[in-house]
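Written below as structure tokens is the structure these notes are about.
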Amino acid sequence: MANLQDFSKEASNRVNRYFSKSFKRKKVQEIEKNISTVAEICREYEVSTTAVYKWLYKYSRNRKRGVKQVVELMSDTHKLKDLKA
């Protein structure tokens, strides 16, 4: 039962934090420009990865829920062009 009591103490000490839309947009832009990663933002601001991905889906121009993004390396593109030639 000590674990349950510890959990209830931790839960009561938690504070709900709210981030402004401008802050979220700024962090999404940093992720898109490869200035920082999702993991870095999570560690720095003590935010869950789920929350950061929600920000990405809401404020990103490129990342939308339900849309798959195909990433192709430039070297692969050059190899394909060479093979076709």
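The values are calculated or read from the model by the stated rules, or taken from the named source; none is laboratory data. The model shown is predicted, which means the values in this text are computed figures rather than measured ones. All Cβ positions, even for glycine, are placed from backbone atoms using ideal geometry, and neighbour counts span all protein chains on display.
Is there a residue being outside any loop (DSSP other than H, G, I, E, B) and either modelled with pLDDT under 90 or in contact with a helix residue (DSSP H, G or I) (Cβ under 7 Å, 6 or more places away or on another chain) (or both) anywhere in the stretch 60-73?
no
How do the pairs read when you match residues in the stretch 24-40 that are over 11 Å from Ser60 (Cβ atoms) and without any contact (Cβ under 8 Å) to a residue 24 or more places away in the chain with residues anywhere that are among the charged types (D, E, K, R) and part of a helix (DSSP H, G or I), using Cβ under 7 Å and keeping only pairs 6 or more apart or on different chains?
The qualifying pairs are Ser36/Glu30.
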